[in-house]
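Written below as structure tokens is the structure these notes are about.
The values are calculated or read from the model by the stated rules, or taken from the named source; none is laboratory data. Remember, it's a predicted structure, so these values are computed and weren't measured experimentally. Quick reminder, even Gly has a Cβ in these numbers, built from the backbone with ideal geometry, and neighbours come from all protein chains shown. Accessible surface areas use protein heavy atoms only, side chains included; no ligands, DNA or RNA. Shrake-Rupley method; radii C 1.70, N 1.55, O 1.52, S 1.80 Å.
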Amino acid sequence: MNILVTGASGRIGKVLVPTLLEQRHRVTCFDVKVPDRFRIDPGISWIQGNLAKSAGIKELLRGQDVVIHLGAYMSWDKKENKKLFSSNIQGTFFLLEGCVQNSIKKFIFVSSGEVYPESKPEYLPIDENHPRKPTSFYGETKLIGEEMVQYYARACGLQAVILRISHTQNSSELLDPSSFFSGPRFFLSARIVRAKKLRNKAELDVLKPFWDGKEKLILPIGTDGKAFKMHITETRDIVQGILLAVQTDLPSGEVFNIGYDVPVPFDVYIPRMSQLIGIPYVTVTFPYPSVWYETSNAKAKRLLGYNPKWSFDMMVEEAAKFHRKAENPL
Ligand SMILES: NC(=O)c1ccc[n+]([C@@H]2O[C@H](COP(=O)([O-])OP(=O)(O)OC[C@H]3O[C@@H](n4cnc5c(N)ncnc54)[C@H](O)[C@@H]3O)[C@@H](O)[C@H]2O)c1
């Protein structure tokens, strides 16, 4: 099949595109950024562009069978809401319009677990029927994206699938303090830098007393006294879910949670990660209730045959190898 992947230069795109090529699909990659290593692969057509600009989108879709829409801006900085709006909402709109004009056979919309109020769930585990009430503007852009997709499926006959994916990491990122997500999630220095950037004074006040110039991991606790618990899924397991959604015949507009079977309890894993890499951890009580949720992937298992393989134990083991290599490159 001819498959267009938006956001192809990103974390998930970099794993997805080679897998699609292995399966003998013809792949067109679209992104604002073009990674060098893809430029030279003869099996890939690369188009550099901005989803937020409608020019060229119609031509981009000509001759495509399937669109996998990964392209999105991710930020939790309120100052960036305009960019989130143009990339994620306007960009999805331009793409959907182009899909209908080009009679695209299937549109896979990569949404996010952030459409749910993950930090204040109404019941657990969170299934696909849980009310969607995002607590971030990023999550709101995904909710509006989902609504647009459902409209085009209902009113224009677009064959669409929505995947609400869990927080996603390459194992190699987990113990890397410079990683966009894992840095501030696990490392004190990166968490302080992010709190400063987001002008989060309440968090800064809590974190700063722990900083003595030496790196530490953070075991986060909420005001309710519970250690954080959330889903973190390996990119390869997310790619498995996307490929199944491409291959499986489904009623249009079907929605799936895609992520690992069980969430990550931080009180189990932070001590283990600390021991593995020899960096001490501190228990930090944040000035808000804990992030403590569990999401069900039962529907994806039942209807797609989804079978994620990467437990957090396996991810941490691989992450520790990357960490040791970074410490000792020779
Ligand atoms: N990584 C996660 O934890 C996570 C969780 C839930 C959902 N998602 C969703 O999965 C998708 C892929 O995530 P990822 O982890 O690979 O993210 P990523 O940031 O690594 O990749 C996103 C890609 O989209 C591109 N992009 C952004 N704005 C664009 C625009 N206006 N025009 C063209 N390209 C643009 C970026 O350049 C980037 O290469 C995104 O839609 C994201 O919202 C990710």
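Of the residues screened, residue 281 is not one that is closer than 27 Å to residue 128 by Cα, outside the structural domain of residue 163 (by TED's automatic domain parsing) and touching a Ser or Thr at 6+ places or on another chain (Cβ under 8 Å). Kindly indicate whether any position in the stretch 53-70 is of a type in the set (Gly, Ala, Ser) and buried (at least 16 other Cβ atoms within 10 Å of the Cβ). No; the residues of the stretch 53-70 include none that is of a type in the set (Gly, Ala, Ser) and buried (at least 16 other Cβ atoms within 10 Å of the Cβ).
Just wondering, is there one or more residues in the stretch 178-187 that are under 16 Å from the mean Cα position of the chain (by Cα), away from the ligand (no atom under 12 Å from the Cβ) and open to solvent by less than 60 Å² (accessible area, probe 1.4 Å)? Taking every residue of the stretch 178-187 in turn, at least one turns out to be under 16 Å from the mean Cα position of the chain (by Cα), away from the ligand (no atom under 12 Å from the Cβ) and open to solvent by less than 60 Å² (accessible area, probe 1.4 Å). Count of the stretch 95-147 residues, restricted to those that are outside any loop (DSSP other than H, G, I, E, B), among the acidic types (Asp, Glu) and within 18 Å of the chain's Cα centre (by Cα), is 3.
Residue by residue, here is whether (1) in the same structural domain as residue 318 (by TED's automatic domain parsing); (2) open to solvent by less than 40 Å² (accessible area, probe 1.4 Å) holds:
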position: 212; (1), (2): yes, no
position: 217; (1), (2): yes, yes
position: 237; (1), (2): no, yes
position: 241; (1), (2): no, yes
position: 244; (1), (2): no, yes
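Taking the numbered list (1) under 19 Å from residue 10 (Cβ atoms); (2) more than 13 Å from the ligand (Cβ to nearest atom); (3) not hydrophobic (A, V, I, L, M, F, W, C) in turn, residue 168 passes all entries but (2). Filtering 234, 254 for residues that are under 21 Å from the mean Cα position of the chain (by Cα), more than 21 Å from residue 185 (Cα to Cα) and charged (D, E, K, R) leaves a single hit, 254. Note on the stretch 71-85: residues that are open to solvent by less than 60 Å² (accessible area, probe 1.4 Å) and aliphatic (A, V, I, L, M) total 2. Among the residues here, residue 6 does not qualify as surrounded by fewer than 22 Cβ atoms within 10 Å (Cβ to Cβ), β-branched (Val, Ile, Thr) and within 15 Å of the ligand (Cβ to nearest atom).
Of the residues examined, residue 154 is one that is outside any loop (DSSP other than H, G, I, E, B) and modelled with pLDDT of 95 or more. Out of the residues in the stretch 109-130 that are of a type in the set (S, T, N, Q) and surrounded by 22 or more Cβ atoms within 10 Å (Cβ to Cβ), state the one that is nearest to residue 246 (Cα to Cα). Of everything passing the filter in the stretch 109-130, 111 is nearest to residue 246 (Cα to Cα).
Of the strands (runs of 3 or more DSSP E) lying entirely inside the stretch 1-94, those containing at least 2 residues that are touching a Gly at 6+ places or on another chain (Cβ under 9 Å) and within 26 Å of residue 159 (Cβ to Cβ) are 2-6, 26-31, 66-69.
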